[in-house]
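These notes concern the structure reproduced below.
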Amino acid sequence: MESPPVVAAPGVPVAHESRIADHMVRNAAVVAPVVILACGLVRGVDGAISAAIGLVLVALNFFVSARLIGWAATRSLALLQGAVLGGFVLRLLALTLIVLGLEQFSFVDLPVLVLTIAVTHIALLIWETRYVSLTLAAPGLKPGVYDRESKPDQKEQPE
């Protein structure tokens, strides 16, 4: 049985972007051990540490993005558009500065860090497309996504 979509009282917005970002971070937590172990086997302890740092930076980037969009969406459409574009540029700049700052530490394997950040962003966004509802009837995550994941013994129904 499918659960109804998330709705709020009239006039109270639902933070769909926060639910989507939270879901992506949960997916990142699922793949994190595999990514860290693989990088550790290929590039040693420094590779594992760098992969872990990269995964944390990606998760923080998604959270900051969702919070910024949620905040701007309650203000105005023009502010939302500026926050999305400006936020993207500022977060990209922040990630670049953080990577450049981490470069000075001997335990950071820069190629692993940069590849982890780039590949994880793209992979999580592609993975999330399976769960996002592209309809105005149920915006955000598809109805029942959290219910299916909280009950692992249930088999997923084909859509």
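Nothing in this text is a laboratory measurement; each read-out follows from the coordinates by a stated rule. In this text, all values refer to a predicted model and were calculated from it rather than measured experimentally. As a convention, Cβ positions derive from the backbone with ideal geometry for all residues, glycine included, and neighbour counts pool all protein chains shown.
What to note about this one:
- Cα gyration tensor, segment 12-110 - rounded (a/c under 1.5), prolate or oblate: oblate
- Legend: calculated FRET efficiency, LEU60 to LEU100, from the Cβ-Cβ distance at R0 = 25 Å, rounded to 0.05, equals 0.90.
- Here the label points at SER76 and VAL89, each 7 Å from Cα along the C-beta direction, are separated by 1.9 nm in the simple model.
- Projected label distance in nm at VAL31 and ALA123, using a 7 Å step from Cα toward the beta-carbon: 0.4
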